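Reading through the structure tokens given below for one structure.
The values are calculated or read from the model by the stated rules, or taken from the named source; none is laboratory data. Everything numeric in this text was worked out from a predicted model, so none of it was measured. Neighbour counts run over all protein chains shown; Cβ positions are idealised from the backbone, glycine included. Ligands, DNA and RNA are stripped out before the accessible areas are found, and what is left, the full protein with its side chains, is counted by its heavy atoms. Shrake-Rupley method; radii C 1.70, N 1.55, O 1.52, S 1.80 Å.
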Amino acid sequence: MLLTTSNALGFPLLSLIVFLPLVGAGLLALLPKRQDGLIHATALFIAGLDLVLALVLFGSFDRGWADPATQSIQHGMRLGAGFQFADPERLPLNWLPGGISYQLGVDGISVVLVLLTALLGFLALLFSSLHVGHRVREYGIWMLILQTGMLGVFTALDLFLFYVFWEASLIPMIFLIAIWGGRERIYATFKFVLYTLAGSALMLVALVALGQLMGRPVCGSAPDCHPYHFFTLLAAPSLPLATQALLFGAFALAFAVKVPLFPFHSWLPDAHVQAPTAVSVILAGVLLKMGGYGLLRFCLPLFPKAAVAAAPAFLLLAVIGIWYGAWVAFAQTDMKKLVAYSSVSHMGIVILGIFSFNEQGLAGGALQMINHGLSTGALFLLVGMLYERAHSRQIADFGGLWQVMPRFSVVFLVVLFSSVGLPGTNGFVGEWLSLLGGFRANMLAGGLAAFGVVLGAAYMLWLYQRVFFGPVRGKSAGLPDLTGPEMLTLLPLVVLIFWIGIYPATILQPIQAAATEWLTYIDSAARLAAGG
Amino acid sequence: MDLRDYLWLVPALPLAGFLILVLLWPWADALSRRLPAGRGLPPMLAGWLATALVGAAFALSLGLGAQFLNAAAIAGEDAGHEPAEGVAAAPEPYVQRLWTWMEVGRDQVEVTAARADLPQLEEIPVGAVGPSWIAVDTVRQLNPKALEALGPAMGRMWQPELTAGLRPVGADIPAGGLVTLDSLPPSGDVALENAAIAQPRSRHRFAVDMALQLDGLSLLMLLVVTGVGFLIHLYSIGYMGQDAGIRRYFSYLNLFVFSMLMLVLGANFLVLFVGWELVGACSYLLIGFWHQDPANAAAGRKAFVVNRIGDFAFIIALMLIWSVFGSLDFARVFSQAENLLPLGGALAVAIPALLLFGAAGKSAQVPLYVWLPDAMAGPTPVSALIHAATMVTAGVYMSARAHALFDRAPVVLAAVAVVGALTALLAALIATVQVDIKRVLAYSTISQLGFMFMGVGAGAALAGVFHLMTHAFFKALLFLGAGSLMHAMEHGFHHANEHPQSVDGIPAPQDMRRMGGLLKRAPVTGWTFLIGGLALAGFPGLAGFWSKDEIVHALHQRSAAEPLFLALWLMALLTAFLTAYYTGRQLCMVLFGAPRSSGAAEASDSPWVMTLPLVVLALLSVIGWLPGNPLAEHSLLATYVLPVVGGEHGGLDAAGAATATAIAFAGLGLAWLAFGPGRRLIDADRLAQRFAAVRRLAWNRFYVDEFYDRLFVAPFKRLADFFWRVVDVGMVDGLVNWVGRLTVGTGQLLRGWQSGQVRAYALSVLLGAMVLVWYLFQQAWGG
């Protein structure tokens, strides 16, 4: 297998993007404690700069690789597994003893996730600058550290590095929920931590085993041997099925908790309800994607045969999740909890796509991750804005909101349409491709999953009717409409909802090119493992 | 100038209206307020702007139509058609590709297997670039005989792809999934399954364009949508002029016209689906336009969710279509339908059956019709535009458009006719007892849509489309007329300074029991309403007469050989009678006799913006059948739409026309005798008593809503609660908490370590992990 990395810029852009927030966090620590405005502004500036860099990265990402005419020869391979903006460019850096290396890189899938992370990180801080006034400096520091952790997860090429970032993103989360959270924040934090740690502890063990069993034999004890490097592992002969299954199980569990896949989802509603708004946005918008990304990036190519064997189970759980999440969402009385359960449903579609093992499913699943980040991120922002006004998220407390907050209602409606996958919005493109992929893999699973369109409409419109229509009642009365800065926070999300819905090529093109290439690899690897 | 280059402009104009009203208006409004003595933009301007843009779209459509006819004439001459008859050939469909909407995957022939006795196949490079079905095409060129053998096997050929689940990547495909020439038996009788020549497999390219298509059918729909749409916009200026939400109203209306145009112009199933869903969303917004009333909002939601149930089937149909054809383009799918769908095969039945279910949702057919009567909660022009003339006919349009797929499954076509007949009869029965002027029309619409389905199902899609067109004229007229009459009644009540209560939940101005004599009070509206009603009842010579009877005729023609169609024909006749009856009843109750309330007594006619559209539509209800004249062999519809929708050009015979006339007069006569002015020969009350049981059922709409509520809605809600409180909180979470408590309980033993602070936990976990990792490194390093 030919794997290459390149860095057309010759400049460590990725490291800059990943560590800029961390540097920013250090900077915040130096600022005087009481200067809330200054602290907010600095954090925003750092996140904004990071977003600009991510845009530069996305803009200079070479899509030409996907063009059959220009691909392959020039880079020695057909895109996909070729990572751009590798940093360091050629050889990984020795980082820790044991061959643990440092190298970052992005392919078509991770580059859009980096962009999503930078965008949501910025918007979350923008929202926070309007509404967070408690221990501001600490808050900003943790948010920025979290940002570095998440960006690292999406760019790390060494699995150990990946693990470090993975855990690094957990710690800020703990503090953010436990300090700035709601009334039952401690319980929620406990649950979140226990769940996630149970998953990642297993992953760590599996990771070490993977390096020893798979990576180490490739290059032995050579000084430039990096047994945990993704490329080393990809180049290794595949493991026997039983071993694959064990390791796959350990990794998949950690990722499934994060996604969250039914029945590992019960931390999510609590964490969401207790987390402050901006953290919910990050949690739903980015953190859940780490699970999907992990499955897509590592579980499928490294354990192809086990993944194929386990696919029916994943498809089943995905379909259950789609139905179950939607169904439970229907019964919710708290808006944030409703959105949380809708996440379970939407992420089920992502898993359906990923485990369909075809281009449409894989690309659709990856796109759906982005879409879910945008629409659910926006939903959490909206619910948060409402909460800041009325100090309630209970559906029963509201009614007739359209008459009081027309702008808010329109934006909510747009996001709602995206969430239920109305054509013309991003939700439709991702959902359609995922369903099509799922349908190709398994007609029954795809067909059952497609019923999600009915369920989604049912709970979302039911919510909308109760909160926005009817006579003005309860806490709705007299609420001020969206302010300028709030509109500004929501604007990028609304624009992207339509952009991706109408002209998805901008982000679908790199995603699908990478998905197609990875699929080729997984396909052949699975066959090799099958004994060809 | 080739106007077709500007085809995109037709939907773009109303879209621009929507965007201007939503995005620019508030800004411009605020700006104008800042001017000295500025009072903001006049709200009525929004209405005129929206109307003008739809009018422009109509003008452009007219231009496109003229060019279409012109091109057809030229093409006809070029093709050497007999010029004596002056018949032109329909031009080729024009497809305008705007941009690539979605594109996933590379073109690749993944598996190339071959019959060994076809040496030419070696010329197909394995892994060649090109969609998998290109291989099939190649085979056709290379060896036509091979394709013959392939034809019946195609259905089976696709089975692995469709049913094998994950097998494509799985283990049981030999030699890396590539069935090579070597792996097949060398010669002779290879089973057809093994002879699969190009088997599309895991690597497919899915691509779909934003593309518009102009042909006879879409042109017709284009003219109906923009034409009727324009008139209804104009009418709305009068009807909605005093409403506070006028800008919102017109922005929705423009968005609707845009969506409907996408639906009828789409060149592939997915663009059609865009329009299909967006019109549903607009319908949702417009039904709940006066959302302060929870009942309206609930009606909108019901419409959307019921529609989505149909859309669910539609989506599955689309996925199946793509699985079979590797494309969603109309041109590709319809031209390949005969090759790829064996007549009566499982897929050939499944695809149109699912499409039918989708159509039943959008076009309010049994069993999904329940949303449409409630949809009357929206403003009346909306009922005219969306829930009578355009959106609800989308199912008919789609089935006519996709007739190539329906033709592959005669059983499904029969089902279309049965669904149509049942719906038509059921809705007509319900309509006979309603007293809400809009509700009668709503059930009448459902019933007439059933007629259109009968036409499509009988293989006379053209008749169905013909009826779609005439129905758009006279039903829009009736709804607008009803709106105008309600307006007049409101005025009357206002004038008399009365505020009557609703009876049976029906607001006074739309209660037919309080009307009467309105023909005199509001003459323009009254007379046009009368014309519309007569057209609906099938009064000889009016638009509805021709189109409805072409459908009845088509059913009759098939009834000789097929007993099912005999039954359907009789049902259609009965429905036609009921239609004439309930229409006559409505006309009598509304227009004739003495006023039965101060509202009716003091009513006055509406302003010209409202009556002008009525007059135009009344004219169309009289002469609007000419393009589809069943008596002419080469009517416009027969020449240009028939090639698109396929099937027979029905026509009409003298006996059929006589029967239809007799039935129309019988129904109207009965109604006149029972409800007409003067001495009543039939006592309506005794009639009601005679049919008390049916009447009660019909009055309560056969309890279908209650039935659905008990069977689906209530259990759904109960289960939702159960899943949440019992399963999720109780079981899933309970288990987690139990594990958690167990952990904590164990931890009590190590209490010294437990500080109870999350920070400490995180820290210790991190430290622990690091120690472990270090240990392993040392191991690794050393060994």
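Taking the criterion of being open to solvent by 10 Å² or more (accessible area, probe 1.4 Å) and either outside any helix (DSSP H, G or I) or in contact with a strand residue (DSSP E or B) (Cβ under 7 Å, 6 or more places away or on another chain) (or both), the residues of region A:182-232 that qualify are A:182, A:183, A:184, A:220, A:221, A:222, A:223, A:224, A:226.
Being open to solvent by 10 Å² or more (accessible area, probe 1.4 Å) and either touching a Leu at 6+ places or on another chain (Cβ under 8 Å) or farther than 30 Å from residue A:42 by Cβ (or both) narrows it down to one residue among A:171, A:179; which is it?
Details: A:179 fails: either touching a Leu at 6+ places or on another chain (Cβ under 8 Å) or farther than 30 Å from residue A:42 by Cβ (or both).
The match here is A:171.
Please find, within region A:322-343, the residue that is nearest to the other protein chains (Cβ to nearest Cβ) out of those that are hydroxyl-bearing (Ser, Thr, Tyr) and part of a helix (DSSP H, G or I). Outline the logic, then answer.
Within region A:322-343, the subset hydroxyl-bearing (Ser, Thr, Tyr) is A:324, A:333, A:341-343.
This time we only want the ones that are part of a helix (DSSP H, G or I), so: A:324, A:341-343.
Details: A:324: 6, A:341: 8, A:342: 13, A:343: 14 Å.
Filtering region A:322-343 for residues that are hydroxyl-bearing (Ser, Thr, Tyr) and part of a helix (DSSP H, G or I), the one nearest to the other protein chains (Cβ to nearest Cβ) comes out as A:324.
Residues in region B:282-303 that are within 7 Å of another protein chain (Cβ to nearest Cβ) and either modelled with pLDDT of 95 or more or not in a helix (DSSP H, G or I) (or both): B:288, B:291, B:292. Residues of region B:320-349 that are open to solvent by less than 30 Å² (accessible area, probe 1.4 Å), in a helix (DSSP H, G or I) and not polar (S, T, N, Q): B:320, B:321, B:322, B:324, B:325, B:330, B:333, B:337, B:340, B:347, B:348.
For beta carbons closer than 7 Å, sequence separation of 6+ or different chains, a first residue in region B:714-728 that is facing another protein chain (nearest Cβ under 8 Å) and a second that is open to solvent by 30 Å² or more (accessible area, probe 1.4 Å), the qualifying pairs are B:719/A:327; B:720/A:327; B:723/A:327.
Scanning region B:503-523 for residues that are out of contact with any Asp or Glu (no Cβ under 7 Å at 6 or more places or on another chain) and not in a helix (DSSP H, G or I) yields B:504, B:505, B:507, B:515, B:516, B:517.
Looking only at residues in region A:305-321 that are surrounded by fewer than 21 Cβ atoms within 10 Å (Cβ to Cβ) and in contact (Cβ under 8 Å) with a residue 12 or more places away in the chain, the one that is nearest to the other protein chains (Cβ to nearest Cβ) is A:312.
Being part of a helix (DSSP H, G or I) and in contact with a Leu (Cβ under 8 Å, 6 or more places away or on another chain) is the filter; apply it to region B:669-696 and report the residue that is farthest from residue B:302 (Cα to Cα).
So, considering only residues that are part of a helix (DSSP H, G or I) and in contact with a Leu (Cβ under 8 Å, 6 or more places away or on another chain), the one farthest from residue B:302 (Cα to Cα) is B:673.
Can you name the residue in region A:143-168 that is within 12 Å of chain B (Cβ to nearest Cβ) and without any contact (Cβ under 8 Å) to a residue 60 or more places away in the chain and is also most open to solvent (accessible area, probe 1.4 Å) among such residues? Taking the candidates together, the pick is A:164.
Looking across B:714, B:720, one residue alone is touching a helix residue (DSSP H, G or I) at 6+ places or on another chain (Cβ under 6 Å) and among the small types (Gly, Ala, Ser). It is B:720.
Put simply, of B:315, B:386, B:351 the only residue that is of a type in the set (A, V, I, L, M) and within 12 Å of chain A (Cβ to nearest Cβ) is B:315. Before we move on, is residue A:508 open to solvent by less than 10 Å² (accessible area, probe 1.4 Å) and either of a type outside the set (Ser, Thr, Tyr) or more than 25 Å from residue A:348 (Cβ to Cβ) (or both)? It is true that residue A:508 is open to solvent by less than 10 Å² (accessible area, probe 1.4 Å) and either of a type outside the set (Ser, Thr, Tyr) or more than 25 Å from residue A:348 (Cβ to Cβ) (or both).
The single residue among B:620, B:536, B:574, B:612 that is under 24 Å from residue B:224 (Cβ atoms) and surrounded by fewer than 21 Cβ atoms within 10 Å (Cβ to Cβ) turns out to be B:612. Taken over region B:259-276, the criterion of being facing chain A (nearest Cβ under 10 Å) and within 19 Å of residue B:384 (Cα to Cα) is satisfied by B:259, B:275, B:276.
Among B:566, B:530, which is open to solvent by 10 Å² or more (accessible area, probe 1.4 Å) and touching a residue at least 24 places away in the same chain (Cβ under 8 Å)? Even if it seems obvious, please write down each step before you answer.
Numbers: B:566 fails: touching a residue at least 24 places away in the same chain (Cβ under 8 Å).
Being open to solvent by 10 Å² or more (accessible area, probe 1.4 Å) and touching a residue at least 24 places away in the same chain (Cβ under 8 Å) holds for just one of B:566, B:530, which is B:530.
Only residues that are within 26 Å of the chain's Cα centre (by Cα) and β-branched (Val, Ile, Thr) were counted in region A:436-473, giving 2.
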